[in-house]
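Only the coordinates and a few stated rules stand behind these numbers; no lab work does. As the structure is a computational prediction, the values presented were derived from the model and not from experiment. Here the Cβ positions follow ideal geometry from the backbone for every residue, glycine too, while neighbour counts run over all protein chains shown.
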Amino acid sequence: MEFWSEETIENFRRTLLDWYDREGRATLPWRVDHDPYRVMVSEIMLQQTQVDTVLPYYERFMQALPTVQDLARAPEAQVLKLWEGLGYYSRARNLQKAARFVVDDLHGHWPESADDLQVLPGVGPYTSAAIASISFGEVVPAVDGNAYRVFSRLLKIDADIAQPKSRKIFYDAILPIVDPDRPGDFNQAIMDLGSSYMTAKNPNSADSPVRAFNAAYRDGVEIAYPVKTKKQRPVKQLYMATVSEKDGRLLFEKRPDTGLLSGFWTFPLEEIQNIEQIVGEQLHIKPIVHVFTHRRWEIWLVKRDLPLTDNRQYLTPDQWQHLSLPTVQHKLLNALEE
DNA sequence: CAAACGTGGCA
DNA sequence: TTGCCAAGTTT
């Protein structure tokens, strides 16, 4: 691991921020001001999600709910509808809980430090540091995947970024480098760097504005960074989804309030061990495949009758079209039309 | 701490 | 087709 002198640190800050001022993505909609609400919404949406995916969601969300008070007072169903298809739906529920906490418990007064911001549901070490630095000027590093990748290469940090304990190693390494005058811009510049020159795949460090500071590139070992152990493969699961139609309505089932897609409506889903267990009229030759982070669902659609239970309901098209449905359910609905 | 938690893009 | 990646947090 490399250590930088105070002179190197100052050169790095200047080089980075000069580049950011010239070529940073200043037009991103969450960078038009430093409103903590706008920043928080963007940061939550951007968790594990790419900028291009977030952009249309963010614009629609801010149009519908422009202030933290609007979000606090909105029906949860509206928030989930705005989040439909974005995934990791607990983010949406927690975001509204956070808004309600700020409005109801803090009377609209935002926590202004990273430590205090972490009381908000869904706001962890990264997001709190991002909001604190961008909106309130706190000098803290926002250690996200970009920061891991960028600084593991610049400083040749060998800690495994898949391990939680590595977070402190990076935090401590980056903290003295954060620009005390522009901490928010510093953090966002690192993110821009990580998504342009210092990418995960096919990095272009040769043309990077901070090439001179890149120890891994200098030593020809950039490919080795960041150090990251592999994730395990998704578990394969076989499901039978039931299509039950009655008077132009379709039978939906509400998922349990914990676990995967909790609280969302789907066709009744039954896990099966093999396709011999399929009963009813099979609707497709091929199954619908849907992959989650840790599961791979292979779903066979069948047409059959099913008894009503307390978590099942026949819904008209107008009813289910106004619900927030998970993408896997949209796939099933689309498959029905084929 | 390891595992859970969505989805889309790309090599 | 498969694996990996993308502005993480919660339990």
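What residue, of A:L28, A:L55, A:L17, is closer than 22 Å to A:G184 by Cα, in contact with a Lys or Arg (Cβ under 7 Å, 6 or more places away or on another chain) and either of a type outside the set (F, W, Y) or in contact (Cβ under 8 Å) with a residue 60 or more places away in the chain (or both)?
Numbers: A:L28 fails: in contact with a Lys or Arg (Cβ under 7 Å, 6 or more places away or on another chain); A:L55 fails: in contact with a Lys or Arg (Cβ under 7 Å, 6 or more places away or on another chain).
On inspection, the qualifying residue turns out to be A:L17.
Please determine, by comparing only the residues of segment A:301-338 that are among the β-branched types (V, I, T) and in a helix (DSSP H, G or I), which one is surrounded by the most Cβ atoms within 10 Å (Cβ to Cβ).
Within segment A:301-338, the first condition is being among the β-branched types (V, I, T), and the residues that meet it are A:302, A:309, A:316, A:327-328.
The next check asks that each one be in a helix (DSSP H, G or I); those that pass are A:327-328.
Details: A:T327: 13, A:V328: 22.
Checking each candidate, the answer is A:V328.
I'm trying to understand the selection: among the residues of segment A:40-93, which are farther than 22 Å from A:L260 by Cα, among the polar types (S, T, N, Q) and over 12 Å from the mean Cα position of the chain (by Cα)?
A:Q63, A:T67, A:Q69
Can you tell me which residue in segment A:238-265 is farthest from A:G85 (Cα to Cα), limited to those that are assigned to a strand (DSSP E or B) and acidic (D, E)? Step through it out loud before you land on a result.
Our first condition is that a residue be assigned to a strand (DSSP E or B); within segment A:238-265, this holds for A:238-243, A:245-246, A:249-254, A:265.
Then drop every residue that is not acidic (D, E), which leaves A:245, A:253.
Working: A:E245: 25, A:E253: 18 Å.
Of everything passing the filter in segment A:238-265, A:E245 is farthest from A:G85 (Cα to Cα).
Restricting attention to segment A:207-237, report how many residues are surrounded by 10 or more Cβ atoms within 10 Å (Cβ to Cβ) and more than 27 Å from the chain's Cα centre (by Cα). I'd like the intermediate steps shown before the answer.
Initial filter on segment A:207-237 (surrounded by 10 or more Cβ atoms within 10 Å (Cβ to Cβ)): A:208-219, A:221-222, A:224-228, A:234-237.
When the remaining residues are screened for being more than 27 Å from the chain's Cα centre (by Cα), the result is A:209-219, A:221.
Looking only at that region, the number is 12.
Can you pull out every residue in segment A:263-307 that is within 16 Å of DNA strand C (Cβ to nearest atom), β-branched (V, I, T), in contact (Cβ under 8 Å) with a residue 24 or more places away in the chain and under 21 Å from A:N334 (Cα atoms)?
Those that are within 16 Å of DNA strand C (Cβ to nearest atom), β-branched (V, I, T), in contact (Cβ under 8 Å) with a residue 24 or more places away in the chain and under 21 Å from A:N334 (Cα atoms): A:I288, A:V291, A:I299.
Inspect segment A:267-289 for any residue being within 10 Å of DNA strand B (Cβ to nearest atom), outside any strand (DSSP E or B) and either aliphatic (A, V, I, L, M) or surrounded by 12 or more Cβ atoms within 10 Å (Cβ to Cβ) (or both) and give the result as yes or no. Can you show your working first?
First, the residues of segment A:267-289 that are within 10 Å of DNA strand B (Cβ to nearest atom): none.
Scanning segment A:267-289 turns up no residue that is within 10 Å of DNA strand B (Cβ to nearest atom), outside any strand (DSSP E or B) and either aliphatic (A, V, I, L, M) or surrounded by 12 or more Cβ atoms within 10 Å (Cβ to Cβ) (or both).
Scanning segment A:50-75 for residues that are of a type in the set (D, E) and within 16 Å of DNA strand C (Cβ to nearest atom), which turns out surrounded by the fewest Cβ atoms within 10 Å (Cβ to Cβ)?
So the first thing to find is which residues in segment A:50-75 are of a type in the set (D, E), and the list is A:52, A:59, A:70.
Adding the requirement that they be within 16 Å of DNA strand C (Cβ to nearest atom) leaves A:52, A:59.
Values: A:D52: 7, A:E59: 11.
Among residues in segment A:50-75 that are of a type in the set (D, E) and within 16 Å of DNA strand C (Cβ to nearest atom), the one surrounded by the fewest Cβ atoms within 10 Å (Cβ to Cβ) is A:D52.
Does A:I161 satisfy the condition of being closer than 12 Å to A:E43 by Cβ and within 10 Å of DNA strand C (Cβ to nearest atom)? Show your work before the answer.
Numbers: closer than 12 Å to A:E43 by Cβ: no; within 10 Å of DNA strand C (Cβ to nearest atom): yes.
Answer is no for this residue.
Considering only residues that are within 9 Å of DNA strand C (Cβ to nearest atom) and either in contact (Cβ under 8 Å) with a residue 60 or more places away in the chain or surrounded by 18 or more Cβ atoms within 10 Å (Cβ to Cβ) (or both), which ones fall in segment A:40-49? Don't jump to the end; show me each part of the working.
Going through segment A:40-49, the residues within 9 Å of DNA strand C (Cβ to nearest atom) turn out to be A:42-49.
Scanning segment A:40-49 gives A:S42, A:E43, A:I44, A:M45, A:L46, A:Q47.
Residues in segment A:199-218 that are polar (S, T, N, Q) and touching an Asp or Glu at 6+ places or on another chain (Cβ under 8 Å): how many? Step through it out loud before you land on a result.
The first filter runs over segment A:199-218 and keeps only residues polar (S, T, N, Q), leaving A:199, A:202, A:204-205, A:208, A:214.
From what is left, the residues that are touching an Asp or Glu at 6+ places or on another chain (Cβ under 8 Å) are A:205, A:214.
So the count comes out to 2.
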